Amino acid sequence: MQAEYYDRNRYDIGDDVLERHRSAADRVLSRDQYGHLIDGEWVDAADGEEGVAIDATTGEALATVQIGSAADVDRAVAAARDAFEGSWGQLSPEQRADRLAEIADRLEDRKTEIAKVDSLEAGKPNLHALFVDCEVLIGQFRHFAALARSVDEGRVVPTGDEKHVFTRREPHGVVGAISAWNFPAMFVAWKLGPALAAGNAVVFKPSERATLSSLEVARVCDRVLPPGAVNVVTGLGEDVGAAMTAHEGVDKLSLTGSRAAGVATLESAAETITPTSLELGGKSPNIVFPDADLERAIEGTVVSIFFNSGQQCTAGSRLYLHEDVREEFLKRLEEAIDGLSVGDPLGPTTDIGPMIDHAHAATVRDYVETAVVEGATPVIGGESDAVGDDLQGAPFVQPTVLTDVDDEATVGCEEVFGPVLSVFEWSDREDVLRRANDTSYGLAAGVWTEDLRTAHEFAAKLEAGTVWINTYNDLFDPAPHGGYKESGTGRELAQEALDDYSQVKTVKVNLGGVPKMG
Ligand code: NAD
């Protein structure tokens, strides 16, 4: 088996950093050996295979985790089925709502530790992990606790004869949820919140590149829910993920990840016609009009591409600057980027941490090198010495801004998933709209203008699941999130997610005549 994510050596890191990370790990991890979480118990992998979760900054092992196989997925699906048909499935919507609210309360008490786990394993700047990821994590459980109360409501269909026709919303049964590494704790709520609110039981698979916070959040859920309502199987996509997508006992699939994983999931789900939601990648345009409030637009652009060190599906990685403001915008953007603090994710003021690992950092740097070969100019960044000596061995990539990027250039078309911004110039609004939409992706878009008519026109014409006007990456409101085109199918975060995790049954009650043919 390929277990590269579980088998790395410590990086060349200063003693102070090492000590800070080791002592944080000692304080925040609830265990040093994690099992799968199945039927309310920590259990070892059926075939006994283990690996280690790695600290993204230091390369050191944080804890032992299980490397699962199809046999573990079988056990977890069986436990979820039992919970769905038994103790969990029998709860009323109100009881489910109360449980979800209690999970939110308990997560509130544990959020400092959970945020630190993500800072260690995923290299997330702790300020963001705590005040963004964990706020959304808890907020989503609260939101779906509120929605759970009315989830079973259907509608009455007027018929005009002696019939009473109505619909019911019912859970699918067992949900198989597969997640990515860039917001590990937060994504647990994105999937568990609506899936549980709708009454499903869940088998969750975190990314092999960031596993521990999902297990910590699931452990909190498990203490509140009947055993088996939430199960976590850890391991590789090609083993655990593939076993989940092919499993006949899984009634609904949801995957957050790359296009390749999305295609594999759809192909596998086709065999059993399992309904599937996909949250995939993006190459989102961010368009600045000449009348934009430049201060807001520059701050928003920094957030759009450098938040989470650029490792975001919604990254505004294609910046379209109107020719009248391009020069001033770039000068002020450079000043704003100079003010960003790149360094240890545990640092109290760090804005940008390391990439998830060296393999990913190398991929991101390759994109920059290819961009230069293809004619781009790195006006900011482009070098690897983003940090001081004590962090030289960590997988950092300096925030990078590229101009002279051709519309067809690799860096302008493919998802980089790092802190790399491609800048394009525009002068004609029809042309910029066409260029913005000229991508196979359609996850998000940004528009910066003070003109209402322009804002609404572009909101309507941009081919994206979310269009942000004079803001970016604003995920706090419970509004649906998801992709157009190859960015995915289905929606998360709102009533639409609840609809995705439930199915509609029509009930027709004959109150009068004898049923007839024709
Ligand atoms: P990835 O596709 O490598 O992995 C995602 C998950 O899918 C992991 O748990 C992995 O183990 C699993 N997986 C991989 N191959 C599989 C297979 N054949 N069958 C079943 N499961 C499989 O993606 P990643 O590197 O973890 O995440 C980055 C990608 O995710 C980017 O493309 C990013 O844009 C996307 N993403 C999208 C959203 C969104 O909301 N649209 C959010 C975050 C990340």
Of the residues in segment 203-231 that are assigned to a loop (DSSP other than H, G, I, E, B) and within 14 Å of the ligand (Cβ to nearest atom), the one that is most open to solvent (accessible area, probe 1.4 Å) is R209
(1) crowded, with 21+ Cβ neighbours inside 10 Å; (2) closer than 25 Å to L278 by Cα; (3) assigned by TED's automatic domain parsing to the domain that holds F307 all hold for T449 apart from (2)
The correct count of residues that are open to solvent by 50 Å² or more (accessible area, probe 1.4 Å), among the charged types (D, E, K, R) and closer than 29 Å to S440 by Cβ in segment 468-518 is 7
Is it true that A455 is open to solvent by less than 30 Å² (accessible area, probe 1.4 Å) and within 16 Å of the ligand (Cβ to nearest atom)?
no
When segment 373-387 is checked residue by residue, the ones that are open to solvent by 80 Å² or more (accessible area, probe 1.4 Å) and modelled with pLDDT under 95 are E383, D385
**OP:** Would you confirm whether any residue within segment 59-68 is in contact with a Ser or Thr (Cβ under 6 Å, 6 or more places away or on another chain) and not in a loop (DSSP other than H, G, I, E, B)?
**Re:** yes
By residue number, the members of segment 249-263 that are crowded, with 19+ Cβ neighbours inside 10 Å and within 10 Å of the ligand (Cβ to nearest atom) are L253, L255, T256, G257, A261, G262
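Could you check segment 383-475 for strands (runs of 3 or more DSSP E) lying wholly inside it with 1 or more residues that are within 22 Å of the chain's Cα centre (by Cα)?
Filter on segment 383-475 gives 420-426, 444-448, 466-469.
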Condition set open to solvent by 10 Å² or more (accessible area, probe 1.4 Å) and β-branched (V, I, T), scope segment 300-309, selection farthest from the ligand (Cβ to nearest atom): answer is V302
Restricted to segment 344-370 and to residues being among the β-branched types (V, I, T) and not in a loop (DSSP other than H, G, I, E, B), the residue nearest to N308 (Cα to Cα) is I352
### Message
One residue is enough: does segment 425-441 have a residue meeting the conditions aromatic (F, W, Y), over 30 Å from R168 (Cα atoms) and within 14 Å of the ligand (Cβ to nearest atom)?
### Response
yes
Those residues of segment 323-339 which are open to solvent by 20 Å² or more (accessible area, probe 1.4 Å), outside any helix (DSSP H, G or I) and either modelled with pLDDT of 95 or more or of a type in the set (D, E) (or both) amount to E323, D324
* Asked: Hey, does segment 142-151 have a residue that's touching a residue at least 12 places away in the same chain (Cβ under 8 Å), open to solvent by 10 Å² or more (accessible area, probe 1.4 Å) and closer than 24 Å to V342 by Cβ?
  -> no
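Results for (1) more than 11 Å from the ligand (Cβ to nearest atom); (2) open to solvent by 10 Å² or more (accessible area, probe 1.4 Å), shown as yes or no for each residue.
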| site | (1), (2) |
| --- | --- |
| V233 | no, no |
| L236 | no, no |
| G241 | no, no |
| E267 | no, yes |
| L280 | no, yes |
| D291 | yes, yes |
| I298 | yes, no |
| Q311 | no, no |
With criteria (1) within 16 Å of the ligand (Cβ to nearest atom); (2) at positive phi, I178 comes up short on (2)
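On the given criteria, is P275 within 26 Å of Y484 (Cα to Cα) and touching a residue at least 12 places away in the same chain (Cβ under 8 Å)?
yes
The values are calculated or read from the model by the stated rules, or taken from the named source; none is laboratory data. Please read all numbers here as calculations on a predicted model, not as lab measurements. Every residue, glycine among them, receives a Cβ derived from its backbone with ideal geometry; neighbour counts consider all protein chains shown. The area values use the complete protein model at the heavy-atom level, side chains included, leaving out ligands, DNA and RNA. Shrake-Rupley method; radii C 1.70, N 1.55, O 1.52, S 1.80 Å.
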